[in-house]
Amino acid sequence: MPTQTRQLNKQVTTNKQTGLENHGVITTKSKLPVIIKRNALVEINNINVSKNQHDIHINNKIKLNTTNAEKAVVEIHESVQIKKKQSDETVVEKKESKENINKNIEDIDKFYKNNLFLASDYAEDIYEYLRALEMKYKIKKWPLNSNVNEKMRGTLIDWLVDVQVEYELLQESLHLAVSLIDRFIQISSEVNAKNFQLIGVCCMAIAAKFEEVQPLSVSDFLYLCNNAYNINEFRQMEAAILSTLDFQIARPLSISFLRRYSLAGRAERRQHIYAKYILDLVLLEPTLCHVKPSLIAASACFISLCITHGNFNPSHWTDQLIYYSKYSFNSLKPFIGRLSRLVLDSRKHLRSVKNKYALKEFEFVSNRIVLKTNLLRILNDVKPHG
């Protein structure tokens, strides 16, 4: 699929600007240069891989002058062949273990084997590693910092959602930025109302550098804040965040787990977008910041299944989804009601996420979901231990 470009020539409306400034978040009309956007993994076409990609060929025309050099080449060649054999044996073991899975469970990695970007041979190991990382980089229960209240955090993240939409940043950039904000403020004692927006915009800048092909520049981010901070303040805060987090940036994101679950559940596009809508609403809710991203993603996936099917039924959470998510339906129950309540309350305040998913590219799901109010009320009543 050809690389898509984005035109950063949109302007924040006067009404939006006034509303955000009333909450202490400074915005500005902006016109920024063209930025290249990387393809989403789900849009990358399958690529056929040559069966001989692992073969090691030594050019017979190359003549080495010394016996020692020839011996070295032979030893290296043998070492490579041994490593290749060990790798092949590991893959065989994984294939055999998958064959022992319940016949009702499909091997989704086998189905996407020819897509190099999904790394199907290593997908199980990758997600096992991500589950280990989310346990390593835990976020405490709210409140995270005595100097930050729910209104401050909500207003900042609501503004960051607008920034992400306005300048077409990746979904990962937004989610990673929120993760960095929460992880930083739970540790730092230097957080206050005056520098909180600077912390937010620096976290977005770090996340964009980590995720985007061509992120916004420092001057662009300062311009978004109406130049309320100078470049030295920006650099110092950016360095403080990275130092405080010991440069450990890549906490797993709920959107990454959701993509895995959507593959496992053969989700349709709209179902996947419903779940993404719920994940973005969770970003605004501080009392859920401590919940593991994989569990939030699984709960959102189940709610989107119910919305798509038009009814609440625990059987929507199939054996295949249990296998790939590692969560039973009972594990999801404490969060089904809480996430459903977020959707029901999404029209009351902090409307950036609702406005985002009212766009055509997101199939107007925040408007469509209004028709599912009765179902959401049923989901809201799901008891954690009922």
Study note, to complete from the structure: Those residues of the range 147-165 that are of a type outside the set (Gly, Ala, Ser) and within 17 Å of TYR277 (Cα to Cα) come to a total of 9
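With respect to TYR277, is the statement that it is surrounded by 18 or more Cβ atoms within 10 Å (Cβ to Cβ), under 18 Å from the mean Cα position of the chain (by Cα) and closer than 25 Å to ASP107 by Cα true? Let's see the steps before the verdict.
Working: surrounded by 18 or more Cβ atoms within 10 Å (Cβ to Cβ): yes; under 18 Å from the mean Cα position of the chain (by Cα): yes; closer than 25 Å to ASP107 by Cα: no.
In short, no.
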Study note, to complete from the structure: In the set ILE336, ILE296, ILE378, the lone residue that is modelled with pLDDT of 95 or more, of a type in the set (Val, Ile, Thr) and surrounded by fewer than 17 Cβ atoms within 10 Å (Cβ to Cβ) is ILE378
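Here is a check on your reading of the model: is SER346 touching a Leu at 6+ places or on another chain (Cβ under 9 Å) and at pLDDT below 95? Let's see the steps before the verdict.
Numbers: touching a Leu at 6+ places or on another chain (Cβ under 9 Å): yes; at pLDDT below 95: yes.
It is true that SER346 is touching a Leu at 6+ places or on another chain (Cβ under 9 Å) and at pLDDT below 95.
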Practice item. Give the residue, chosen from LYS326, LYS356, that is of a type outside the set (Val, Ile, Thr), surrounded by fewer than 17 Cβ atoms within 10 Å (Cβ to Cβ) and under 22 Å from the mean Cα position of the chain (by Cα). Key: LYS326
Review point. Has the range 202-220 got any residue that is touching a residue at least 60 places away in the same chain (Cβ under 8 Å), among the small types (Gly, Ala, Ser) and not assigned by the TED database to the domain that holds ASP280?
Key: no
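Quick one: which helices (runs of 4 or more DSSP H) lie wholly within the range 276-386 and hold at least 1 residues that are under 22 Å from VAL161 (Cβ atoms)?
Values: elements: 293-309, 319-325, 329-344, 352-356, 365-368, 373-380.
Hits in the range 276-386: 293-309, 329-344, 352-356, 365-368, 373-380.
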Review point. Taking only pairs six or more apart or across chains, which ones have beta-carbon atoms under 8 Å, a first residue in the range 276-295 that is of a type in the set (Ser, Thr, Tyr), and a second residue that is buried (at least 20 other Cβ atoms within 10 Å of the Cβ) and assigned to a loop (DSSP other than H, G, I, E, B)?
Key: TYR277/TYR357; SER294/PRO252; SER294/TYR327
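The values are calculated or read from the model by the stated rules, or taken from the named source; none is laboratory data. Note that the structure is predicted; figures quoted are calculated from it, not measured. Counting neighbours? That spans all protein chains shown, and the Cβs are built from the backbone with ideal geometry, glycine included.
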